[in-house]
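To keep things clear, I will list the structure first and then write my remarks on it.
The values are calculated or read from the model by the stated rules, or taken from the named source; none is laboratory data. Computed from a predicted structure; not experimentally measured. We place every Cβ from the backbone using ideal geometry, glycine too, and count neighbours over all the protein chains shown. Protein only, heavy atoms only, side chains kept; ligands, DNA and RNA dropped before computing areas. Shrake-Rupley method; radii C 1.70, N 1.55, O 1.52, S 1.80 Å.
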Amino acid sequence: MPRIFDNIETQLLGVLVLTLRVSDRADFCVGYFNLRGWKELDDHIQHWSDSGGACRLLVGMQKPPQEQLREALSLLGQGETIDNQSAIRIKKRLAEEFRRQLTFGAPNNDDEAGLRKLSQRLREKKVIVKLFLRHPLHAKLYLLFRSDPINPIVGYLGSSNLTLAGLAGQGELNID
């Protein structure tokens, strides 16, 4: 029987952490990715070093909501393809946004340690982040793979982005 996670009575973060502990690798597709949200999951993929597993993360919403609305209401043509120079510019803008995320609130030693761990995971290829630039992608899917002949893939589908608020703080609707 599927379970529902609303982050009010049952948080997605807790069950995601439990599943990460018994998994070998993961594929995540989210609209938004926040460094503080990742910090909550990072420690639970350390054991993957022996198995060669990685977390592949596809991030789809590279534009802020106000920019998307402005484009949707624009009289200019829709469906234009993106060139390499624009893709590079978007990637740089997103990297700058990640840097800015750490200045919200009062950054602390724990936040800095989380960023350093993410940087290390990226260098080790334990975390592979890709931007989906073809069009805005707002899907949220967490797939975790494990050595279980009965249930080798566990999936969570719903509305939770890979942010601290999306995983544990705000009302969401997710199902396993």
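Checked against (1) outside any helix (DSSP H, G or I); (2) at pLDDT 90 or above; (3) open to solvent by 10 Å² or more (accessible area, probe 1.4 Å), Leu18 passes all but a single condition, namely (1). Give just the number: which of (1) assigned to a helix (DSSP H, G or I); (2) at pLDDT 80 or above; (3) surrounded by 12 or more Cβ atoms within 10 Å (Cβ to Cβ) does His47 not satisfy? With respect to (1) assigned to a helix (DSSP H, G or I); (2) at pLDDT 80 or above; (3) surrounded by 12 or more Cβ atoms within 10 Å (Cβ to Cβ), His47 is out only on (2). When the stretch 121-169 is filtered for residues that are surrounded by fewer than 18 Cβ atoms within 10 Å (Cβ to Cβ), in contact with a strand residue (DSSP E or B) (Cβ under 6 Å, 6 or more places away or on another chain) and not in a strand (DSSP E or B), the ones remaining, listed by number, are Phe132, Ala139. Within the stretch 73-81, identify whether any single residue is of a type in the set (D, E, K, R), under 18 Å from Glu124 (Cα atoms), surrounded by fewer than 16 Cβ atoms within 10 Å (Cβ to Cβ) and at pLDDT below 90, and answer yes or no. Checked the stretch 73-81: no residue is of a type in the set (D, E, K, R), under 18 Å from Glu124 (Cα atoms), surrounded by fewer than 16 Cβ atoms within 10 Å (Cβ to Cβ) and at pLDDT below 90.
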